[in-house]
Amino acid sequence: MNTPYPSAAAPIWERPEPQPRAAPVPLTREKIAATAIRLADAHGLDGLSVRKIATELGVGPMRLYDYVVNRSELLDLMVDAVYARIGESGQHSDWRGAVLAIAHATRLATLDHEWFSDLLGGRPHLGPHALAVGESTAAALSRAPGVRGIDDLQRAVGTLNAFIIGALRREVTERRTARSTGTDESAWQASLGPYLTRQLETGRYPTVARLVVDGAHLDAEETFHRNLTTILDGITGHPGT
């Protein structure tokens, strides 16, 4: 069974790198993760395998098991490499600026590595870079007005994470659907517009009709930012604080 954390081995973060070997090519966990990320970017997680990574690196598949015990550890390395990028979002003296920077950096990293959205909300991300991003986020939220104790902080972190995970998964899903069907918004409107018009004209869905007819087409980045600020306003209890 391919267990995430084998009892026979410590977590990958606490195991030293194997001794370097020059032949046939030098390897490191960082190099393996970078190669895996390139393959996942191109083919998704379903197209990722130890054999493909080994072929890309010019080594035998068994050599990779000196560095990662199983696929779960490989995904851990990949995820933490993305968190390393997120962690470069910069330092902010005010709590709100820090949270906004981390959230937007997470969105940009996810759009560049769509497979990352598939791993958000799963088992905990416990690599050093993931923990650093989590620390920065929690530390920033702990300084927010309205967060007066550990219970408030837990709720704030949970609410923020739930929004980010849901928003990014939806945005990535919409991008994938558009690519797989080969349709854009105008084509979708042409194919389903008449049906939707007939349904709305029944008068049974007045609020939906208002959203469809009067609602503006919203930019994905702007929508993410506006909804994010709404979440932060709710945490503080004071818009713009």
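The values are calculated or read from the model by the stated rules, or taken from the named source; none is laboratory data. Since the model is a prediction, treat every value here as computed from it, not as a measurement. Note that each Cβ is placed from the backbone with ideal geometry, even for glycine, and that neighbours are counted across all protein chains shown.
Some values worked out for this structure:
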| item | result |
| --- | --- |
| Which listed residue is closer than 30 Å to Leu141 by Cβ, surrounded by fewer than 18 Cβ atoms within 10 Å (Cβ to Cβ) and either in the same structural domain as Leu232 (by TED's automatic domain parsing) or out of contact with any strand residue (DSSP E or B) (no Cβ under 8 Å at 6 or more places or on another chain) (or both), from Arg107, Arg15, Arg85, Arg71 | Arg85 |
| Segments classed as helices (runs of 4 or more DSSP H), wholly inside region 149-241, with at least 2 members that are of a type in the set (A, V, I, L, M) and at pLDDT below 85 | 185-200, 206-214 |
| Test set (1) part of a helix (DSSP H, G or I); (2) assigned by TED's automatic domain parsing to the domain that holds Ile231; (3) of a type outside the set (Gly, Ala, Ser); (4) surrounded by fewer than 20 Cβ atoms within 10 Å (Cβ to Cβ) - Arg63 fails condition number | (2) |
| Residue check, Asp80 crowded, with 20+ Cβ neighbours inside 10 Å and at pLDDT 95 or above | yes |
| Qualifying positions in region 43-78 - of a type in the set (A, V, I, L, M) and closer than 26 Å to Arg176 by Cα | Leu45, Leu48, Val50, Ile53, Leu74, Leu75, Leu77, Met78 |
| Every residue from region 123-142 that is surrounded by 19 or more Cβ atoms within 10 Å (Cβ to Cβ) and of a type in the set (S, T, N, Q) | Ser136, Thr137 |
| Single match in Arg29, Arg63 (criterion: closer than 21 Å to Val82 by Cα, out of contact with any strand residue (DSSP E or B) (no Cβ under 7 Å at 6 or more places or on another chain), touching a residue at least 12 places away in the same chain (Cβ under 8 Å) and basic (Lys, Arg)) | Arg29 |
